[in-house]
1. Consider only pairs whose beta carbons are under 6 Å apart and that are at least six residues apart or on different chains; among these, list those whose first residue lies in segment 335-355 and is under 17 Å from L277 (Cβ atoms) and whose second residue is modelled with pLDDT under 95 and among the acidic types (D, E).
2. Where residues in segment 358-385 are touching a residue at least 40 places away in the same chain (Cβ under 8 Å) and in a strand (DSSP E or B), which of them is farthest from the chain's Cα centre (by Cα)?
3. Filter segment 195-208 for residues that are open to solvent by less than 10 Å² (accessible area, probe 1.4 Å) and either among the basic types (K, R) or more than 15 Å from the chain's Cα centre (by Cα) (or both) and give the result.
4. Hey, can you tell me all the residues within segment 312-329 that are surrounded by fewer than 19 Cβ atoms within 10 Å (Cβ to Cβ) and of a type in the set (A, V, I, L, M)?
5. Looking at segment 351-360 only, could you name the residues that are surrounded by 18 or more Cβ atoms within 10 Å (Cβ to Cβ) and closer than 22 Å to R304 by Cβ?
6. Restricting the first residue to segment 65-81 and requiring it to be touching a residue at least 40 places away in the same chain (Cβ under 8 Å) and aromatic (F, W, Y), which pairs with a second residue that is open to solvent by 30 Å² or more (accessible area, probe 1.4 Å) and not in a helix (DSSP H, G or I) meet a Cβ separation below 6 Å and a spacing of at least six or different chains?
7. Going through segment 90-106 one residue at a time, which ones are assigned to a loop (DSSP other than H, G, I, E, B) and under 15 Å from V116 (Cα atoms)?
Amino acid sequence: MPSVTDHEVAKSGSILSGAAELRDLPEWFLDQQRTAWNQFETLPNPTRKDQPWRFSNVGLLDLAPFRISPPLSEDDRNNVLKHSRGLDKYAARLIFANDQLIERDVVSEDLKRRGVIFQPLERAMIEHADVFRKYFMSTEATLGSAKFAALHKALVSTGTFLFVPRGLEIELPIEIFHWLRHDNMSAFPHLLLVADELAKVTVIEHFRSCSPTAPGFACGVNDLIAGPGAKVTYVCAQNWSENVIALQMNSTTVDHDASAMSLNLHLGGKYSRFESLSRLIGEGGRSDLLAVAVAKHQQEFDARTLQDHVSPRTASDLLYKNALDDRARTIFGGLIRVEPHAHFTDAYQKVRNLLLSDDAEANSMPGLEILADNVRCTHGATSGQIDEDELFYLRTRGISHKSRPTPLSHRLSGRSHPAPRSSGNW
């Protein structure tokens, strides 16, 4: 018996039709969603003439084919659970597919007693409305995707809420899975993480597709709040299918003497845009932004960042690394902004592109906007091919010839290494 019938798929609504009227969410939140939908319809579509979308292939942002999923069958749910393999040990876990909660492994009774809250978004907006309303999408999307942030706010129906109380360290990571199941389905992942004063937590999010070729659309938002002296570590492992269009908008707020580190791994997707806004609002705050993208075939990875130093004596460090093969493209547009009176800022920004093909294209636009004195800010970008001397060194240390990428000379002569087998649909 098929997991989802053709009739059910046909009945599922296009995301351009808006959210269903009957949704079991608080009325104040539904009012916000209606307002957001009006904003989405009002805001213009991006063009390459817009500076935040410079070099982007905006023609891929056709949302008409994508739909809101009908309820998943029991077979679908079991398949998703079977393939949701990640950490051996974790403090808690949530698994979503097509924006439907599949499984919830709650935190221990000890962590509950000590004040940790870990639950789906739709419960948090009822049971913890004050905290939810204070932090949910409280930072404006300023890096170009305001239209898609409005779409997310209008259609988001579930996600993760995590609150870590003052002085508590969650030693094991929190793990979250987001899946796309079946063709042309959509997902609107959301993470709202609030780490109170001196709290410590690590969250790992996986973004995956059940089929390596199924088209789909994902539009996610993260709100990461690091309170005074808190330490937040966030890891994103994105491996959507090769035909997914994905946008992810991350907002991090770092208070005084707090630190936030984000590590983003980008492997999948046809077009994947990642926006990261880090605001340092208290003295002594630190933000580290790390990313690795491996692009092949005709993939396009589009990264836009802002390191916004609001208070004095703050530090940020950004390092993005891209490896490009075939006709892949990457775009990086990053800005370090030092606000007035944010003296003694220490900020660094670097993007490095490794070109494995003459047809690959890397576009890098690092930038500075300094409105204060007594700062140290540096930025730069590099692009280049593999150094033959480094390859020779690796081979003398036992790395076999087959471990290296297919040389350009082999491509020109028609020789190549065999492609790895695909795991196929499930």
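1. Between residues of segment 335-355 that are under 17 Å from L277 (Cβ atoms) and residues that are modelled with pLDDT under 95 and among the acidic types (D, E), there is no close pair.
2. Ranking the qualifying residues of segment 358-385, first place goes to C377.
3. Of all residues in segment 195-208, those open to solvent by less than 10 Å² (accessible area, probe 1.4 Å) come to 195, 199, 201, 203, 205, 207.
Result: A195, A199, V201.
4. Residue satisfying the conditions is L319 alone.
5. Filtering segment 351-360 down to residues surrounded by 18 or more Cβ atoms within 10 Å (Cβ to Cβ) leaves 351, 353-356, 360.
Scanning segment 351-360 gives V351, N353, L354, L355, A360.
6. Within 6 Å, the pairs are F66/N184.
7. First, pick out the residues of segment 90-106 that are assigned to a loop (DSSP other than H, G, I, E, B): 90-91, 98-99, 106.
Residues satisfying the conditions are Y90, A91, V106.
To keep it simple, each residue is scored yes or no on (1) open to solvent by 70 Å² or more (accessible area, probe 1.4 Å); (2) under 11 Å from W179 (Cα atoms); (3) small (G, A, S).
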{"site": "R85", "(1), (2), (3)": "yes, no, no"}
{"site": "S108", "(1), (2), (3)": "no, no, yes"}
{"site": "I117", "(1), (2), (3)": "no, no, no"}
{"site": "L121", "(1), (2), (3)": "no, no, no"}
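The values are calculated or read from the model by the stated rules, or taken from the named source; none is laboratory data. None of these values were measured; they are calculated from a predicted model. In this analysis, Cβ positions are derived from the backbone assuming ideal geometry, glycine residues included, and neighbour counts consider all displayed protein chains. Quick note on the areas: whole protein, heavy atoms, side chains included, nothing else; ligands and nucleic acids left out. Shrake-Rupley method; radii C 1.70, N 1.55, O 1.52, S 1.80 Å.
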